[in-house]
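Input: a single structure, listed below in structure tokens.
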Amino acid sequence: MKTIQRDELKQWMDENRSFILVETLPLESFTEKHLPGAHNIPENDEHFEDKVEDLNPDKSKPVVVYCANSECQSSPRAARRLESVGFRNVYDYEAGKEDWQKAGYRLSGKEAA
């Protein structure tokens with residue numbers, strides 16, 4: 001698994017680069033606030049890999065997973081699960097949405113400022 005930092009992820013978004021962005025937290029957390037363009041597929045969903053593959057059938061296309069912050073272990077587990085089924089370009093945004101928000105970048109959702 002590779003990691004991606006906030007500024008690189010922001011650059012990918014600004015460039016409209018082709019990748020899938022997945023928040024691995026439960027729906028309640030996603031509904032409150034999430035990174036723009038993210039899909040919500042909780043890491044503990046037994047069909048997690050299948051749902052990501054439905055969004056991204058090309059396993060060489062980059063997939064970026066994230067969760068709440070660097071202490072959260074949901075996105076690293078999700079990244080390992082994706083790699084175990086053949087995804088080749090999986091990135092973990094380890095610092096997660098807490099880091100994104102601290103940088104002042106826009107979030108989407110009910111609680112987004």
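The numbers here are math on the coordinates, done by the rules we state, and not lab data. Just so it is clear, the model here is predicted, and its values are computed rather than measured. Reconstructed Cβ throughout: ideal geometry from the backbone, glycine too, with neighbour counts over all protein chains shown.
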Cross-link reach list, aspartates and glutamates versus LYS59, counting only Cα pairs under 17 Å and skipping chain neighbours closer than eight places:
GLU49, ASP50, GLU83, ASP92
Qualifying lysines (Cα of each under 26 Å from Cα of LYS110; at least 8 residues distant if same chain):
LYS10, LYS33, LYS51, LYS97, LYS102
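For SER70 and GLU83 in one chain, what is 0.36 nm times their gap in residues minus the Cα-Cα distance, to one decimal in nm? Walk me through the intermediate numbers first.
Values: separation 13, 0.36 × 13 = 4.68 nm, distance 1.99 nm.
So the chain would gain 2.7 nm between SER70 and GLU83.
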Can you list the residues of region 40-66 with backbone N under 16 Å from a point 7 Å past the Cα of GLU15, pointing along Cα to Cβ?
61-64
Quickly work out the GLU32-to-ASP7 label distance, labels modelled 7 Å from Cα along the C-beta direction, and quote it in nm with one decimal.
2.9 nm
For a quick protection proxy, order the peptides 2-12, 94-104 by their average other-Cβ count within 10 Å, most packed first.
94-104, 2-12
Table column - 3J(HN,Hα) (Hz), region 93-109, Karplus curve with 6.51, -1.76, 1.60, x for Gly and Pro:
7, 4, 6, x, 5, 4, 5, 4, 5, 4, 6, x, 6, 5, 10, 10, x
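Whole number please: convex hull volume per residue, Cα atoms of the chain, in Å³.
Numbers: hull volume 10.1 nm³, N = 113.
Expressed per residue, the convex hull around the Cα atoms of the chain is 89 Å³.
What is the calculated FRET efficiency for LYS110 to LYS51, with r their C-beta to C-beta distance and R₀ = 35 Å, to the nearest 0.05?
On the way: r = 23 Å, r/R0 = 0.64.
Computed FRET efficiency for LYS110 and LYS51: 0.95.
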Fluctuation leader among SER84, SER75, SER29 - the chain, Gaussian network, Cα springs under 10 angstrom:
SER84
Any chance you could give the angle, 0 to 90 degrees and rounded to 10, that helix 74-84 forms with the longest Cα principal axis of the chain?
20 degrees
